[in-house]
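Structure first, then comments.
Here, each number is a calculation from the coordinates, and none is a lab measurement. Quantities reported herein were computed from a predicted structural model and do not represent experimental measurements. As a convention, Cβ positions derive from the backbone with ideal geometry for all residues, glycine included, and neighbour counts pool all protein chains shown.
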Amino acid sequence: MSEARPAPESLAALFWAFTRLALQGFGGVLAVAQRELVERLGWLSREEFLEMLAISQVLPGPNIVNLSLMIGDRFFCLRGALTALAGMLAIPCVIVLGLASVSGALLEHERMAGALRGMGAVAAGLIVATGLKLLPSLARNPVGRAWALILALAAFGAIALLRLPLVWVVLSLGGLGMVLAWQGLKAPPPGGSA
């Protein structure tokens, strides 16, 4: 039986949590989402976060939007899903539209272009740090840590180095991952009886 976890007290708390998440995540919200939802708020365990993230990655649309919908639905059903989505999008959309109206003049300055490149590097570093932080959770994954790392490196090599089409990489490596997970779920636990 899983331990009881805290939950958002109200729809307003859910809205502001996702608004805070979105406003902190310039260039990528995933790293911030893991820190906020798992470590700070405690609404999800690492394993629950990884499971929801895995599902959100195979659904159409941005991962973090799918994740916000699932988490909102988990706590407040449809109202929660819509509230979490509004938290992710409302205030950031206003900010982006405001910046877009002045971006032409700002991007002509070399310092602004350099600042944006620096923010991209920070976002990449946050994603790597989140991956390393979530690495211990792979020990309980049915695929196993070794296979998960092999699949991740193969995906990186296929996409970043070999420039293979994403759809074929997802279908082939994703299919292999599903087969490995299915075998892992069928197998009796180590040291236990079947």
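Side notes on the structure shown:
- Remark: segment 87-93, residue by residue, has Karplus-estimated 3J(HN,Hα) of x, 5, 10, 4, 5, x, 5 Hz, where x stands for each Gly or Pro and the curve is 6.51 cos²θ - 1.76 cosθ + 1.60 at θ = phi - 60°.
- What the phi angles of segment 77-84 give under the Karplus curve with 6.51, -1.76 and 1.60, with θ = phi - 60°, is a coupling list of 6, 4, 4, x, 4, 5, 5, 4 Hz, glycine and proline written as x.
- Straightening the chain between GLN24 and LEU97 buys 24.6 nm, computed as 0.36 nm per residue apart minus the Cα-Cα spacing.
- Estimated 222 nm signal from helices in the chain, with DSSP H stretches of n ≥ 4 weighted -39500 (n - 2.57), rounded to 500: -23500 deg cm²/dmol
- Note that segment 34-48 has calculated 3J(HN,Hα) couplings of 4, 5, 5, 6, 9, 7, 7, 7, x, 6, 9, 7, 4, 5, 4 Hz, one per residue in order, obtained from phi through the Karplus relation 6.51 cos²θ - 1.76 cosθ + 1.60 (θ = phi - 60°); glycine and proline are x.
- Note on Cα Rg over 2.2 N^0.38 Å: of the candidates (1) 1.63; (2) 1.18; (3) 0.95, the value calculated from this structure sits at (2).
- Tensor-based shape of segment 141-189 (alpha-carbon gyration tensor, a/c under 1.5 rounded, otherwise prolate or oblate): oblate
- Highest mean first, the peptides 64-72, 104-112 sorted by other C-beta atoms within 10 Å per residue fall in the order 64-72, 104-112.
- Under a Gaussian network description of the chain, with springs only between Cα atoms under 10 Å, the residue in ALA146, ALA17, ALA84 that fluctuates furthest is ALA146.
- Residue order, fewest to most beta carbons within 10 Å, for PHE15, PHE156: PHE156, PHE15
- Separation in nanometres of the label points that stand 7 Å from Cα toward Cβ, at LEU59 and VAL179: 2.8
- Near SER45, no amide H atom lies under 5 Å from its own; only residues 5 or more places off or on other chains count, and H is placed 1.01 Å from N.
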